Ligand SMILES: [Zn+2]
Ligand SMILES: [Zn+2]
């Protein structure tokens, strides 16, 4: 595991008001080095692969906790199980096609405008850090 990276993660954990524990670092490491979204069992497999020694219940607990800090996004694509992704303040959003399963990035500007309209019309401050919109992509719409 890269030194610099771990140092960064420790700083982020502390500023989120969390103690830096081995389990948190291991889960963070796996998420940071995976491309995209991982299920809890995917995270566990990654931890094992990196020679980590934490059990399944710890992985679930750490994931829920990291989600609460906002460092990790928890999302569901369609009816699949929950997935996790390291976002650490970098907001991003997805369009997910329920037909082919493909996930593409949704522009943050669009979501910012949406959040702005929600604030204007409802006085509600939306916290859309990681939005997933389910629907049908262009390719699947054409028969
Ligand atoms: Zn994502
Ligand atoms: Zn599609």
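The values are calculated or read from the model by the stated rules, or taken from the named source; none is laboratory data. None of the values given here were measured: they were computed from a predicted structure. Virtual Cβ from ideal backbone geometry, glycine too; neighbours counted across all protein chains shown.
The table below gives the values:
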quantity: Segment 55-102, subset in contact (Cβ under 8 Å) with a residue 24 or more places away in the chain, within 10 Å of ligand 1 (Cβ to nearest atom) and part of a loop (DSSP other than H, G, I, E, B), residue farthest from the chain's Cα centre (by Cα); calculated: 77
quantity: Count of segment 103-143 residues which are modelled with pLDDT under 90 and part of a loop (DSSP other than H, G, I, E, B); calculated: 8
quantity: Selected residue [modelled with pLDDT of 95 or more and assigned by TED's automatic domain parsing to the domain that holds residue 19] from 51, 55, 65; calculated: 65
quantity: Matching residues, segment 107-143, being without any contact (Cβ under 8 Å) to a residue 24 or more places away in the chain and surrounded by 13 or more Cβ atoms within 10 Å (Cβ to Cβ); calculated: 108, 111, 112, 114, 115, 118, 126
